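Here the structure comes first, spelled out in structure tokens, and everything after it is commentary.
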Amino acid sequence: MKSHINDVFRQIQLKTRYRTIGKIYSHLTAEEKLTLVSLARSCEGSFIEIGSYLGSSSCFIAEGILQSGRKSHLYCIDTWQNDAMSEGNKNTYNTFLNNTKDYRDVISPLRGWSYDIAKNFDEKVDFIFIDGDHSYQGVKKDVDLWLPKLNPGALIVMHDIGWAEGVQRVVMEDIAPIAKCEGRLPNLYWARI
């Protein structure tokens, strides 16, 4: 009986967290958010997110980490100056921190440009979500710097493949040729390498 009560309590907590993080403004669809949870559940180790914006995707990835019950940690990389956002430049760091506060044990924000942070990041990576600069040069630079840091079997996830030519080209040239398996939604791509 006690086990059933604990299961019910965990389901209530999960629904409450989903309602809360589902309200964070995002360019992700509901299907993409749930896919991030599922993909994160399938990995263990160090997670990287390039382009964290207001923290919606960060929370869904962190939720997947928590649901997996594995020892994993998410490093969120962003300038939090809205550099690549259509809304224009503004400091969104405090909004990100507030939105991700329920996951602070799982998330570490790393403020700066992904290519600067990559130079000093010495952990091997098991999951990377790239949703930063969508230009070919920006995506290519992120992939070139972070790909060597990925463990064999790591998962690489790319957002905005549906419209961003830079993302499409880098996936076609650099990721698809080394992918062991791939998946796709209209605007989300993932591959295990």
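The values are calculated or read from the model by the stated rules, or taken from the named source; none is laboratory data. These numbers come from a predicted model, not from an experiment. So basically every Cβ, Gly included, is an ideal-geometry build from the backbone, and we count neighbours across all protein chains shown. Areas reflect the complete protein model, heavy atoms only, side chains present, ligands, DNA and RNA absent. Shrake-Rupley method; radii C 1.70, N 1.55, O 1.52, S 1.80 Å.
Things to note:
- Test result for residue 38, open to solvent by less than 10 Å² (accessible area, probe 1.4 Å), in a helix (DSSP H, G or I) and among the hydroxyl-bearing types (Ser, Thr, Tyr): no
- Within segment 84-102, being in contact (Cβ under 8 Å) with a residue 24 or more places away in the chain, more than 21 Å from residue 45 (Cα to Cα) and assigned to a loop (DSSP other than H, G, I, E, B) holds for 84, 85, 92.
- Looking across segment 101-132, the residues that are touching a Phe, Trp or Tyr at 6+ places or on another chain (Cβ under 9 Å) and of a type in the set (D, E, K, R) come down to 111, 123, 126, 131.
- Answer from 105, 126, 144, 122 - the residue that is open to solvent by 20 Å² or more (accessible area, probe 1.4 Å) and touching a residue at least 40 places away in the same chain (Cβ under 8 Å): 126
- Members of segment 46-71 that are open to solvent by 20 Å² or more (accessible area, probe 1.4 Å) and over 20 Å from residue 134 (Cα atoms): 66, 67, 68, 69, 70, 71
- Residue in segment 17-32 that is open to solvent by 20 Å² or more (accessible area, probe 1.4 Å), basic (Lys, Arg) and in contact (Cβ under 8 Å) with a residue 40 or more places away in the chain present: yes
- One residue from 154, 179, 191 being touching an Asp or Glu at 6+ places or on another chain (Cβ under 7 Å), more than 20 Å from residue 28 (Cβ to Cβ) and open to solvent by less than 70 Å² (accessible area, probe 1.4 Å): 154
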